[in-house]
Amino acid sequence: MSGLEFWGVALIAAVMTGMGKGGLPVVGALVVPLLSLVIHPVVAAGLMLPVYVLSDMFGLYAYRKEFDRRVLVIAMTFMTLGVGLGWATASLVSERWVTVLVGVISVTFALNQLFRRPAVGEPRPAQVGPGAFWCTIAGFTSFVSHTGGPPYQVWTLPLGMRKAVFAGTSTIAFAYVNAIKLVPYYFLGQINLHSLKIAAMLMPVAALSVFLGVWLVKVLPEKLFFRIVTWSLLLIGCELVWKGLQG
């Protein structure tokens, strides 16, 4: 983890991390795939987790009043279960095929969102059944490769939350997930002194970029905001499928 190429990519990844924690949809999911161009994906995941956690603190402050309590309770409960499953099966699960699975889910859902007729009516209340299913997957895939966003969005996008509430609820939910991942990551050796030193250098860049993400969420029109979510989900899904199949 050295050289101009690594640091150039790492700084871009730090900016994207901050913007994602500021509520800009799906940007954060590009971080590990981007870093994987210059370092191993598992090393990239361990390196960026402390950066995620610090950025989360700024995101939590920015969205402290904008969230859906019911969605959060369901998400936190079953994401915890997913993280536990990820830890328990860490030595058995192929990251490659988890990546393909997340990509297929992302592409399928994004295409459905793009081509279906717009829903009419008030926002829908979150249901426990679908939330339990998708958030368990989100916790699991977040643990394996920091790609919990797509499964989580499969459940939350159709709920019709306002953009600030959508961004805030997502930010709080994944701040919680990232915090509970620290312990298993440490015991699995994915966080060490060397990675922490590099993460500390990236943290200020990510922290400042949180506010850029918050500003963009505020100025983007509602329809454009969710259009960006959907297209980002489609592009990232294609990238994840390609990455997984290529090994």
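FYI, it's all coordinate maths here, none of it is from the lab. Only a predicted model underlies this, so the values are computations on that prediction, with no experimental measurement involved. Every residue, glycine as well, gets a Cβ built from its backbone with ideal geometry; the counts of neighbours run over all protein chains shown.
Computed quantities for the displayed model
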| item | result |
| --- | --- |
| Value at 222 nm in deg cm²/dmol, rounded to 500, when DSSP H runs of n ≥ 4 in the chain each add -39,500 (n - 2.57) | -26000 deg cm²/dmol |
| Span from the region 67-114 Cα centroid across to the region 214-247 one, whole angstrom | 16 Å |
| Least to most buried among 16, 203 (fewest other Cβ within 10 Å first) | 203, 16 |
| J(HN,Hα) series, region 187-202, from Karplus relation 6.51 cos²θ - 1.76 cosθ + 1.60, nearest Hz, glycine and proline x | 6, 8, x, 7, 10, 9, 4, 5, 5, 5, 5, 5, 4, 4, 6, 8 |
| Of 113, 127, 153, the one that fluctuates the most in a GNM where the chain has Cα springs shorter than 10 Å | 127 |
| Neighbour-count ranking [beta-carbon atoms within 10 angstrom, fewest first] of 166, 67, 211 | 211, 67, 166 |
| Hz values of 3J(HN,Hα) by residue in region 82-94 - Karplus curve (6.51, -1.76, 1.60), Gly and Pro given as x | x, 5, x, 5, x, 5, 5, 10, 4, 8, 10, 8, 7 |
| Using θ = phi - 60° and Karplus 6.51 cos²θ - 1.76 cosθ + 1.60, couplings along region 69-77 (whole Hz; Gly, Pro as x) | 4, 5, 4, 5, 4, 5, 4, 5, 4 |
| The chain: most fluctuating residue of 196, 188, 234 per GNM, C-alpha cutoff 10 Å | 188 |
| Order of 181, 243 under a 10 Å beta carbon neighbour criterion, fewest first | 243, 181 |
| Gyration tensor (alpha-carbon) shape descriptor, region 1-103, a/c threshold 1.5 | oblate |
| Amide H partners (placed H, <5 Å) of residue 38, local residues excluded | none |
| Dipole moment magnitude, nearest 20 debye, region 4-246 about Cα centre, only Lys, Arg, Asp, Glu C-beta charged | 520 debye |
| Mean separation of Cα contacts under 8 Å, 6 or more apart, over the residue count of the chain: relative contact order % | 40 percent |
| Dipole of the chain [Lys/Arg +1, Asp/Glu -1 at C-beta], most positive-end residue of 158, 200, 123 | 123 |
| Listed residues 30, 92, 182, most fluctuating in the chain (Gaussian network, C-alpha, under 10 Å) | 92 |
| For Cα Rg over 2.2 N^0.38 Å, calculated from these coordinates, the label among (i) 0.98; (ii) 1.11; (iii) 0.94 | (iii) |
| Overall form of region 66-196 per C-alpha gyration tensor (a/c, 1.5; a/b vs b/c) | prolate |
